[in-house]
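Worksheet: one structure, shown below.
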Amino acid sequence: MVNKTTIIDMKDIVLFIENSGYLKYTLPYIEIIEDLDVEYHIFSLETSEELGYKNDKVSYFKNKAELNESLRSLSCKCFITTTPGVGNFYFKKSKVSPKINRPKYIYFFHSLNSPNENYSKNSFNGFDFIFSPNQVISEQLSHIVNLKTTEIVTAGYQYLNKNTNTKLETSNKILIAPSWGKNNYFSENYEVYLYDLVTNLEDLGLEVLLRPHTMDIENFARLKKSQNFTFYTKNNIDYSFFEYLITDWSGIALEFFYSNKKTVGFLDTPKKIRRRLKKSEIGINLIENEIRGKIGPVLNFKSPNLENMLHFNYKESEYIDSLFYPKFDKYLVKKTLLKILN
């Protein structure tokens, strides 16, 4: 484990991986950085063992205050993360002098949802570069960030390459995997409906597995006390293991669909909205709204019509296809990083 007081050389890159749930999205970027033949370090709020990345490059911070203390004195060329909010509500930017010794801040996505209602105000304003998954999101970002200070690079979605179009045998397994937040489907408000849903799915001959979000610690702890649920908690989901997915508004929907073209059922719980849209954003077709009904039916959370999900037929859609392109361009990412490093 790297000592937190280590002086980071100006040739180095620092990555921030908040917790193990974000490691799988970061690994493709680490692979690119290793090809650059430069030193890199990883900052995390978990130990290397908890993170699942046993590497002496990991620096562990026990809380955000301790993390921010080091971030304010950080001197390196690049700071790369998939956690939004740098320089604002989540973590601080470097204050070292002269300014030339401060890093360029780079964000990459861990979801194919739109960067609008799902994210708090100023989530992206503090970044110098943003690696965008597709042209749809790049266009939506242009309404949020100052294009004079933030460069949007449409590099593709790195995680799709890890789960590509697996041919399946018919499975009887279904995954229930909602988003996280106050009113997600695993919260106490929906517990009675969750029990009914699991029971009804089992009556249809399906094996039901629940996957709480890694940020949904309290609800996971509460549900684990029940003897009626089986959980799927691997960091990397093997989508080929499942015939169906049920979610609410989670970005997992498009990852699952891309992997195997299998049906996603969308519960009609209230959408998690972290901020109101600006005038320039009104009229944008938000991805998480548009895919509902296209890759699977919307289900009433109180009494879902499961037959609609079991017999849903996907119709080819140029819009859905556009969300998966371009394919992740590691050479474009490498070129962008080299431009910053040099």
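The values are calculated or read from the model by the stated rules, or taken from the named source; none is laboratory data. Everything numeric in this text was worked out from a predicted model, so none of it was measured. When we count neighbours, we look across all protein chains shown, and the Cβ atoms used for this are built from the backbone with ideal geometry, even at glycine. Areas reflect the complete protein model, heavy atoms only, side chains present, ligands, DNA and RNA absent. Shrake-Rupley method; radii C 1.70, N 1.55, O 1.52, S 1.80 Å.
Less than 5 angstrom separates the built amide H of residue 41 from those of 13, 14, 15, all sequence-distant by 5 or more or on a different chain. Compared with the dominant principal axis of the Cα atoms in the chain, helix 23-35 is inclined by about 40°.
For the chain, the longest principal axis of the alpha carbon atoms and the long axis of helix 330-341 meet at an angle near 30°. Rolling a 1.4 angstrom probe over the stretch 83-209 with all protein chains present gives an accessible area of which 46% lies on carbon and sulfur atoms. Residues whose amide H comes within less than 5 Å of that of residue 132, counting only those at least five positions distant or on another chain, are 153, 154, 155, 156 (H built at 1.01 Å from N in the peptide plane). Phi angles across the stretch 122-132 convert, under the Karplus curve 6.51 cos²θ - 1.76 cosθ + 1.60 with θ = phi - 60°, into 3J(HN,Hα) values of 6, 4, 10, 5, x, 9, 7, 9, 10, 8, 9 Hz, Gly and Pro given as x.
Building the convex hull from the alpha-carbon atoms of the stretch 186-260 and averaging its projection over directions returns 5.3 nm². Do you know the relative contact order of the chain, to the nearest whole percent, from alpha carbon pairs under 8 angstrom that are 6+ apart? Relative contact order for the chain comes out at 18 percent.
Note on the stretch 28-77: Rg/Rh from Cα positions, Kirkwood definition for Rh, rounded to two decimals, is 0.99.
With N counted as the residues of the stretch 1-121, its alpha-carbon radius of gyration over 2.2 N^0.38 Å works out to 1.02. Per-residue Karplus couplings for the stretch 267-272, computed as 6.51 cos²θ - 1.76 cosθ + 1.60 with θ equal to phi - 60°, are listed in order as 5, 8, 5, x, 6, 6 Hz, Gly and Pro entered as x. So how far apart, in nm, are the two label points at residue 325 and residue 101 if each is 7 Å from Cα heading toward Cβ? Those two pseudo-labels are separated by 4.8 nm.
Here the simple spin-label model places points 7 Å from the Cα toward Cβ, and for residue 55 and residue 275 these points are separated by 3.1 nm. Computed as a quarter of the hull surface, the mean projected area of the alpha carbon convex hull for the stretch 276-323 stands at 4.8 nm².
Only helices enter this figure: runs of n ≥ 4 DSSP H residues, each worth -39500 (n - 2.57), summed and divided by the residues of the chain, yield -7000 deg cm²/dmol at 222 nm to the nearest 500. In this structure the amide hydrogen of residue 75, modeled in the peptide plane, comes within under 5 Å of the amide hydrogens of 8, none closer than 5 places in sequence on its chain.
In the context of the full set of protein chains, the chain has a per residue accessible area of 47 Å² (1.4 Å probe). Each pair of Cα atoms in the stretch 193-342 enters the Kirkwood radius, and Stokes-Einstein at 4 °C and 1.567 mPa s then converts it into a translational diffusion coefficient of 72 µm²/s.
At a Förster radius of 56 Å, what calculated FRET efficiency corresponds to the Cβ-Cβ distance of residue 310 and residue 69, to the nearest 0.05?
Approximately 0.60, to the nearest 0.05.
Computing Rg and the Kirkwood Rh from the Cα coordinates of the chain gives a ratio, Rg/Rh, of 0.97.
For the stretch 249-254, putting each phi into the Karplus relation 6.51 cos²θ - 1.76 cosθ + 1.60 with θ = phi - 60° gives couplings of 10, 6, x, 4, 4, 6 Hz, in residue order, rounded to whole numbers and with x for Gly and Pro.
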